[in-house]
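Have a look at the structure below before the remarks.
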Amino acid sequence: MITTIPENLFLFPSLWAKSQMKTVSGKTKVRMPASAINQPAVCDEPFEHTPNNGKHHCLVARVITAKYPNPLPNDGDISTAEALGKFIRNNPNYAWRNVVMVDPKVNFTRELGINLPVTTKDEQILVSLNWRNMTKGSAFEYSADKPVPGGDVIDMPKTLTTNETGGFSTKVTVPKGHSYNAKLQLAYWAQPPIQKGWTIELLAIVLIDAGSDAYSIATPLDEIEELAGLSRASLADTNGNMPRGLKVGSYVTVSA
């Protein structure tokens, strides 16, 4: 099963579980035989999707086998960012990929949603912008159209890159008993000469407390591959300790 939804940084199942794509003949599921474990599998009938011009879409795939039926969660089962992180970490038979068409030589602005349900405790979220193979002097900016309840803001003013690979991050806390719904805008300004195959990723990570039952499956931030462009000092807490986190959303743009 493959579904598609408009751009959103937090892919809660309630957003995509009922939006199944269909194949060219109208099927919602297809068989994908593989010759061996860890080998590629290709379905015999393609899924069909016509993207909106300039719109970024999130594709979510669900793999079902006799041994692992991989049921869809019910609405409301996953209602916090931490629960979403645990679901993603514990269900490897789901996958997502972001799809958008861009001209690598053209500046662009993208807008995506942030939809966090009412929290059951204070939740710390790390929003990180990371790039690879980018010409020095390119520029980025991101900002949400409203502050987080409690006053924190997701905002990085226009900033020039000084390295081909790097990143910026913003940490916010959504207080217990509050939801957060906003629009996040990402802007990119190209700097000639344009390098081929550059990547821009906007990543959301929920930070996990040491007392949480999710702590054992969370990853230290300095071991998360996508955060390699950030310094250890920028990721550590005020005591110099390295927090752990679970990835809950990713928005990737890759040039041709």
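Considering only residues that are of a type in the set (Gly, Ala, Ser) and farther than 25 Å from Thr80 by Cβ, look in region 181-224 and name the one that is modelled with the lowest pLDDT. Can you show your working first?
Of the residues in region 181-224, the ones of a type in the set (Gly, Ala, Ser) are 182, 187, 190, 197, 204, 210-212, 214, 216, 218.
Imposing the further condition that a residue be farther than 25 Å from Thr80 by Cβ reduces the set to 187, 190, 197.
Working: Ala187: 93, Ala190: 88, Gly197: 81.
My answer is Gly197.
Among the strands (runs of 3 or more DSSP E) lying completely within region 131-223, list those that include at least 3 residues that are exposed (fewer than 14 other Cβ atoms within 10 Å of the Cβ) and over 18 Å from the mean Cα position of the chain (by Cα).
By residue number, 155-160.
Would you check which residues across region 16-42 are assigned to a loop (DSSP other than H, G, I, E, B), among the polar types (S, T, N, Q) and within 17 Å of His57 (Cα to Cα) and list them?
Ser19
Tell me the residue from Asn98, Asn115 that is assigned to a strand (DSSP E or B) and modelled with pLDDT of 85 or more, please.
Sole residue among the options that is assigned to a strand (DSSP E or B) and modelled with pLDDT of 85 or more: Asn115.
Taking only region 167-189 into account, find how many residues are touching a Phe, Trp or Tyr at 6+ places or on another chain (Cβ under 9 Å) and closer than 19 Å to Asn130 by Cβ.
10
The values are calculated or read from the model by the stated rules, or taken from the named source; none is laboratory data. Note that the structure is a prediction, hence the values are computed from the model and not measured. A quick note on method: Cβ atoms are made from the backbone with ideal geometry, for glycine too, and the neighbour counts reach across all protein chains shown.
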